[in-house]
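Colleague: One structure follows; several queries about it will come next.
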Amino acid sequence: MVPRTILHCDCNNFYASVEQLYHPALRGRPLAVAGDPEQRHGIVLAKNELAKRCGVRTGHPLWLARQLCPDLLFVPPHYAQYSRFSRLCRKIYRGYTDQVESFGLDECWLDVTGSLSLFGEGRGIADQLRRTIREELGITISVGVSFNKVFAKLGSDLKKPDATTVIEEKSWRETVWPLPAADMLGVGPATDRLLKRYGIRTIGQLAQAPSQTLHSLLGKNGDLLWSCANGLESSPVSRFGEAPPVKSIGNSTTMPRDLEDGDALRLILYILAESVAERLREQDLQCRTVQVFFRSSDLSWMERQAGLDPPSCSSQTLFEASYRLYKEHGAGCALRSIGLRACGLQHWAAPQTTLLKEAQHSHNRDAAERAVDQIRRRFGRNAIRRGIMLTDEALSALDPRTDHPERIAGSVS
């Protein structure tokens, strides 16, 4: 089998870099792209290199960022501009391969294995891409080059900005295993804390841990992380335009004010449930599991889930499951933000007449909401609304589809 050459291209300080292109006066000054504090989105979304050197990090509240960097400038996000530059980057990448898989607006994997005879070895292609992006678009990228997607992404993170890092198949252990486990794709903060409790701090320790132990701690994700740490990850890079299989669909929102149990909180859950359910129906999907995410006013958070039997794409069903989870696990807390996610997706199917009454009831709910979708598409979103939406016009105006939409697909499998 021919060894693969995978690149991971990561735009450096993407939002901030684009803002500086549109506003040259911002260059040479510490800069952060930040959400709107009036809408409770007052956190750092991106920062430039000067702000980073002062300790400013993505996700910092604005007061902390200002404390760390008194001269810091804040600018609001302009997503249309970022989307444009993202498209321009992908157009350049497609000049080298048709296997270009996006990982957010600012990151892409490229499989250039079939292009080596035309453009040279992986490092050379990475350097060409960096030069082209810098000269044609005025921003910089860092590129990781390796034999699989996980190590290519790891490489792009190792040296920034405007750098190429190669992790070779013959010597990857020397480079990868000493790194913190948290540096590897798939190891988030919660997983990292759990691993540390068991003495697993580096990728090497993760690789050498008994696979059964990781499975007992993390289930299938433990199996996946063990494979990745041992260099066994082999998922393909999707061709441009191909959508990887959807594993979950969700939305979240940060409320203008903290909410406790009552009409306002139920209204938010209904908004999220309607948004997620509509997106399920658009793709002719149902979900078997509902997950909810709660962040309280002190910024602590929890995530819980519940199964659905039968599967559903009904907003009422999603609301009932999510509200039940809130009552069981989040009641009594003042909530700052809420997320709702549909998981365990499958293609929608009408029940047979011989099936249980519950399945027929679920089907009737789904069918009724499909009729509502048609009315809204024809006459506008407010043509038909739940009565609870009239209790608070400000909250009812929230649109989670443009706030925090999620379309989660397995980039590593």
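The values are calculated or read from the model by the stated rules, or taken from the named source; none is laboratory data. Values in this document were obtained by computation on a predicted structure and should not be read as measured data. Counting neighbours? That spans all protein chains shown, and the Cβs are built from the backbone with ideal geometry, glycine included. Accessible surface is based on the protein model in full, side chains and every heavy atom, while ligands, DNA and RNA are left aside. Shrake-Rupley method; radii C 1.70, N 1.55, O 1.52, S 1.80 Å.
Colleague: Report, by residue number, each residue of region 81-139 that is closer than 19 Å to P236 by Cα, open to solvent by 60 Å² or more (accessible area, probe 1.4 Å) and either of a type in the set (S, T, Y) or within 27 Å of the chain's Cα centre (by Cα) (or both).
Modeller: R94, D98, F103
Colleague: Which numbered condition trips up V187, out of (1) open to solvent by less than 40 Å² (accessible area, probe 1.4 Å); (2) assigned to a loop (DSSP other than H, G, I, E, B); (3) under 28 Å from R134 (Cβ atoms)?
Modeller: Of the numbered conditions (1) open to solvent by less than 40 Å² (accessible area, probe 1.4 Å); (2) assigned to a loop (DSSP other than H, G, I, E, B); (3) under 28 Å from R134 (Cβ atoms), the odd one out for V187 is (3).
Colleague: Do the conditions hold for S234, that is, is it without any contact (Cβ under 8 Å) to a residue 12 or more places away in the chain and open to solvent by 30 Å² or more (accessible area, probe 1.4 Å)? Working first, answer last.
Modeller: Working: without any contact (Cβ under 8 Å) to a residue 12 or more places away in the chain: no; open to solvent by 30 Å² or more (accessible area, probe 1.4 Å): yes.
So S234 fails the test.
Colleague: So, one more: List the number of the failed condition for S234; all other conditions in (1) modelled with pLDDT under 95; (2) under 16 Å from R4 (Cα atoms); (3) touching a His at 6+ places or on another chain (Cβ under 6 Å) hold.
Modeller: Checking S234 against (1) modelled with pLDDT under 95; (2) under 16 Å from R4 (Cα atoms); (3) touching a His at 6+ places or on another chain (Cβ under 6 Å), the one that fails is (3).
Colleague: What are the residues in region 286-306 that are in a strand (DSSP E or B) and over 11 Å from L340 (Cα atoms), if any?
Modeller: So the first thing to find is which residues in region 286-306 are in a strand (DSSP E or B), and the list is 286-296, 301-306.
Within region 286-306, Q286, C287, R288, R295, S296, W301, M302, A306 qualify.
Colleague: Return the residue satisfying two criteria in turn: it lies in region 27-57 and is of a type in the set (G, A, S) and part of a strand (DSSP E or B), and of such residues it is modelled with the highest pLDDT.
Modeller: As a first pass, look at region 27-57 and keep what is of a type in the set (G, A, S): 28, 32, 34-35, 42, 46, 51, 55.
In the following step, the residues that additionally are part of a strand (DSSP E or B) were identified as 32, 34, 46.
Working: A32: 93, A34: 87, A46: 89.
Only one residue fits best here, namely A32.
Colleague: Let me ask something additional. Over 30 Å from G114 (Cα atoms) and without any contact (Cβ under 8 Å) to a residue 40 or more places away in the chain - does that describe any residue in region 246-265? Before you say what the answer is, go through the steps one by one.
Modeller: Residues of region 246-265 that are over 30 Å from G114 (Cα atoms), as a first pass: 248-265.
This time we only want the ones that are without any contact (Cβ under 8 Å) to a residue 40 or more places away in the chain, so: 262.
Yes, the conditions are met somewhere in region 246-265.
Colleague: Ok, one more. Condition test on Y15, is it in a helix (DSSP H, G or I), of a type in the set (F, W, Y) and either more than 30 Å from S235 (Cα to Cα) or open to solvent by 40 Å² or more (accessible area, probe 1.4 Å) (or both)?
Modeller: Numbers: in a helix (DSSP H, G or I): yes; of a type in the set (F, W, Y): yes; either more than 30 Å from S235 (Cα to Cα) or open to solvent by 40 Å² or more (accessible area, probe 1.4 Å) (or both): yes.
Yes.
Colleague: Which of the residues that make up region 1-20 are of a type outside the set (S, T, Y) and within 17 Å of A51 (Cβ to Cβ)? Steps first, answer last, please.
Modeller: Keep residues of region 1-20 that are of a type outside the set (S, T, Y), which gives 1-4, 6-14, 16, 18-20.
Of everything in region 1-20, those that are of a type outside the set (S, T, Y) and within 17 Å of A51 (Cβ to Cβ) turn out to be C11, N12, N13, F14, A16, V18, E19, Q20.
Colleague: Please go through region 1-12 and give me each residue that is closer than 20 Å to D106 by Cα and either assigned to a loop (DSSP other than H, G, I, E, B) or open to solvent by 20 Å² or more (accessible area, probe 1.4 Å) (or both), ordered by number.
Modeller: We begin by selecting, within region 1-12, every residue closer than 20 Å to D106 by Cα; these are 6-12.
Passing the criteria: only N12.
Colleague: With the structure loaded, tell me whether S235 is within 28 Å of C343 (Cα to Cα) and touching a Ser or Thr at 6+ places or on another chain (Cβ under 6 Å) or whether it fails that test.
Modeller: Values: within 28 Å of C343 (Cα to Cα): yes; touching a Ser or Thr at 6+ places or on another chain (Cβ under 6 Å): yes.
In short, yes.
Colleague: Also: Could you list, in sequence order, all residues of region 147-162 that are open to solvent by 10 Å² or more (accessible area, probe 1.4 Å) and not charged (D, E, K, R)?
Modeller: First, the residues of region 147-162 that are open to solvent by 10 Å² or more (accessible area, probe 1.4 Å): 147, 153, 157-162.
Residues satisfying the conditions are F147, L158, P161.
Colleague: Please find, within region 40-78, the residue that is farthest from P24 (Cα to Cα) out of those that are touching a strand residue (DSSP E or B) at 6+ places or on another chain (Cβ under 8 Å) and touching a residue at least 40 places away in the same chain (Cβ under 8 Å).
Modeller: Selected residue: R40.
Colleague: Please state which of the following conditions L318 fails to meet, knowing it meets all the rest: (1) modelled with pLDDT of 85 or more; (2) surrounded by fewer than 22 Cβ atoms within 10 Å (Cβ to Cβ).
Modeller: (2)
Colleague: So, one more: Is there a residue in region 91-110 that is in a helix (DSSP H, G or I) and under 30 Å from A25 (Cβ atoms)? Reasoning before the result, please.
Modeller: At the first step, the residues of region 91-110 found to be in a helix (DSSP H, G or I) are 91-93.
Those still in the list that are under 30 Å from A25 (Cβ atoms) too: 91-92.
Scanning region 91-110 turns up at least one residue that is in a helix (DSSP H, G or I) and under 30 Å from A25 (Cβ atoms).
Colleague: When region 190-214 is examined, which residues are found to be surrounded by 14 or more Cβ atoms within 10 Å (Cβ to Cβ), assigned to a loop (DSSP other than H, G, I, E, B) and over 26 Å from the mean Cα position of the chain (by Cα)?
Modeller: A209
Colleague: Pull out all pairs, ordered by first then second residue, where Cβ-Cβ is under 8 Å, the residues are six or more apart or on different chains, the first lies in region 280-298 and is more than 27 Å from R370 (Cβ to Cβ) and without any contact (Cβ under 8 Å) to a residue 40 or more places away in the chain, and the second is open to solvent by 10 Å² or more (accessible area, probe 1.4 Å) and part of a loop (DSSP other than H, G, I, E, B).
Modeller: S297/C333; S297/A334
Colleague: List pairs: first in region 105-131 and over 25 Å from L185 (Cα atoms), second in a helix (DSSP H, G or I) and not aromatic (F, W, Y), Cβ under 9 Å, 6+ apart or cross-chain?
Modeller: Hits for this filter: S115/I125; L116/G122; L116/I125; F119/I125; F119/Q128; G120/Q128.
Colleague: Check off (1) at pLDDT below 90; (2) of a type outside the set (A, V, I, L, M); (3) within 26 Å of G155 (Cβ to Cβ) for S300 and give me the number that stays unchecked.
Modeller: (3)
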